[in-house]
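Here is the structure we will look at.
The values are calculated or read from the model by the stated rules, or taken from the named source; none is laboratory data. Bear in mind the structure is a predicted one, so any value in this text is a computation, not a measurement. Because the Cβ atoms are built from the backbone with ideal geometry, glycine has one as well, and the counts that use them run over all protein chains shown. When the accessible area is computed, the model is the full protein with side chains, heavy atoms only, and any ligands, DNA or RNA have been set aside. Shrake-Rupley method; radii C 1.70, N 1.55, O 1.52, S 1.80 Å.
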Amino acid sequence: YDHRVVDGIAAARFSQGLKQKLESLGADYAGGTRGPQSTTKPELAERELVARSVGEGLLVKLDSAHHDWVVDEPASLGGTDTGPDPVTYALGGLLSCIIVAFKLAANRRKIGIESVEGRLTATPKGKVEQVAMTLTVHSGAERSDIERLLKMAKAGCYVHAMLRPDLEVMVDLEIVRP
């Protein structure tokens, strides 16, 4: 008798039970289950999202192929401040995308980067009219190399590309009657 097989089966059962428990806890995160009709995560493709808002509040629960999160508004606007507001998520996406694209460009060109820190500020209320970003790059590389990486990062950041003024946004409306 090989104890590794028995131990492996016991470990697999434990792992499966732990996975199910963690998934059920994740479904309950941020104020409730995924909804009365569904307790499992929907099968989604890459860059496919499902969003749901129930009740009077402004909380929106989102699912993607690998993650779930919430978007909300502050209490002063009728939300519960359970998560960042949509604009903050978009700005965070922009800042993190620039940093990721910067590091990917540095890796491809074998330019040593110890770390990159970013700070972003935007129009504080209403429509975003202005965004200011500062990247702090910790590196021994030449300034000209770092400046070239920034140019490549801006060109390679898909979120930055989405901010073009000529971007067409199509909205389909689906109405479900009770």
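Check off (1) β-branched (Val, Ile, Thr); (2) at pLDDT below 90; (3) surrounded by 11 or more Cβ atoms within 10 Å (Cβ to Cβ) for residue 99 and give me the number that stays unchecked.
Among (1) β-branched (Val, Ile, Thr); (2) at pLDDT below 90; (3) surrounded by 11 or more Cβ atoms within 10 Å (Cβ to Cβ), residue 99 violates only (2).
Go through the residues of segment 79-89 one by one and say whether even a single one is open to solvent by less than 40 Å² (accessible area, probe 1.4 Å), within 16 Å of the chain's Cα centre (by Cα) and not β-branched (Val, Ile, Thr).
The answer is yes; a qualifying residue exists.
Residues 164, 143: which one is exposed (fewer than 11 other Cβ atoms within 10 Å of the Cβ), over 26 Å from the mean Cα position of the chain (by Cα) and modelled with pLDDT under 90?
Matching residue, one of 164, 143: 143.
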